[in-house]
Each structure stands twice: as structure tokens, then as C-alpha cells.
Amino acid sequence: MHSNFPTKEIHMKRPLKSVLAIGAVCAVTGAAASGIATSSAATESTATTAATTTAAAGAPPADGLGGPGGHGGRHGGGGPGGGGGGIHSESVRVDADGTGFVTVVQDSGTITAINGTTLTIKQGTATETFDTVKVKVDGTVTVERNRATAKLAALKVGDHVRVTKDGTTTRVDATTAAFEKTEAAARAQREQRPAVTWPAA
């Protein structure tokens, strides 16, 4: 009867070893799988980070300068010689073929006299005079009066005028007080604010 105990004990130990071995294999397999999953997640995270960095590097700036701004029209602050606009300026630009330079001179004000192709222009306001200049309109001439193509002879004393001399070309933009008043009223109606008119010279 006692001779059977060792045999039973041996049979009981073998399954325990098998269970331990299987457990060890499962633990190793689980660790390997976990390592693979962790490595995969890390690789995926690295790829995502790289993609995000690339996108950020290629993205345009959040704010920019946009485009160069203008004065909202050929006549600047409401009309030639009007308030808020420049009355005299000189600038230099590169010529068309890039081999020389051209001086651009602009004078704005109110015509006080016309002598042939020479305009006498008072620069300033109704109460303050900055300067009185004589401008010869010569070369290739373009004239607009009240925003319509006109001849030089159509200009009148009292017109508000802006003369731009650019090399051999001269451009004259002129408006009458009545035209400016109408324009100001229409603009005020569009913008729903009181009309502003320039004082008489």
C-alpha cells in the first residue's frame, strides 16, 4: 500500500512542471507581444509627430502682410487737392528697360490761372497757403475732368487738380466743386454718414 505513494507523487509533479513551463512560455509570449505593441505604438506616434511637424513647417504664417494698400482711388483723399491728400511729392523710379531712372513729380491744389499749357496751382487750404506753383503740362498728356476724358482746354480756374509728371508724360486729374459735392453726397448715402465737402478756394 505504501509503495504506491512515490508513484502518485511523481505523477503529481509532472503536471505541475508542465503547468509552470506553459505559464513561463505564456509570460514570455505576452511580454514579446506587449513589446511589439509598444514598439508599434511608439513608431506610430513618431510618424504622427513627424507628419504634424512637416505640416506645421509647410503651413503659411498665421498672419501676414497681405498685399500692398492704396488710397482707394486715383484721386486719393476725396479728389485732387482735397483734404487728406498730398499736395507735393517727388519720387524716383527705375525706367521701363531698367537702364536708367525717372523722376516723378506730383502737385495738387486749386487752379488759380491758366496760361496756354501752364497751370498756376495754389497748394494748401481755403485759409492757409503752402505754396503757389506753375506747372507746365507737356509731353504725352492725359486729362480727366470729373472722371471723364477731357482736353486741356476744358480745365477751368477753380478746378481742384492733381498734375503728375512722370518722365515725358503728364497726367492731369481735375474735379469741380459741384462734382465733388455730388460724389460726397452719394458716398455718404452709401456709408450712411454726413457728407463732407471741401471749402472753396
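No value in this document is a laboratory result; all are computed from the given coordinates. This one's a predicted model, so the numbers in the text were calculated from it and none came from an experiment. Every residue, glycine as well, gets a Cβ built from its backbone with ideal geometry; the counts of neighbours run over all protein chains shown.
Give the shape of segment 103-185 as rounded, prolate or oblate, defined through the alpha-carbon gyration tensor: a ≥ b ≥ c are the square roots of its eigenvalues, a/c under 1.5 means rounded, and otherwise the shape is prolate if a/b is larger than b/c and oblate if not.
Oblate is the answer for segment 103-185, as a/c is 1.5 or above yet b/c matches or exceeds a/b.
Cβ under 12 Å from residue 136's Cβ, residue 136 left aside: what net charge do those residues give with Lys, Arg +1 and Asp, Glu -1?
0
First check a/c for segment 86-139, with a ≥ b ≥ c the square roots of the eigenvalues of its C-alpha gyration tensor; if it is under 1.5, answer rounded, and if not, answer prolate when a/b is larger than b/c or oblate otherwise.
Oblate is the answer for segment 86-139, as a/c is 1.5 or above yet b/c matches or exceeds a/b.
Starting from the Cα-Cα distance between residue 128 and residue 105, subtract it from 0.36 nm times their residue separation and give me the gain in nm to one decimal.
In short, 6.1 nm is gained.
Out of residues 5 or more away from residue 147 or on other chains, whose amide H comes under 5 Å of its own, with H placed 1.01 Å from N in the peptide plane?
For residue 147, whose amide H was placed from the backbone, the distant partners under 5 Å are 174.
If Lys and Arg each add +1 and Asp and Glu each add -1, what is the summed charge of the other residues whose beta carbon sits under 13 Å from the beta carbon of residue 124?
Here the charged neighbours net out to -2.
What does the charge count near residue 176 come to, summing +1 for each Lys or Arg and -1 for each Asp or Glu among other residues with Cβ under 13 Å from its Cβ? Display every interim value, and only then the final one.
On the way: positive: 145, 147, 156, 181; negative: 144, 159, 173, 180, 183.
In short, -1.
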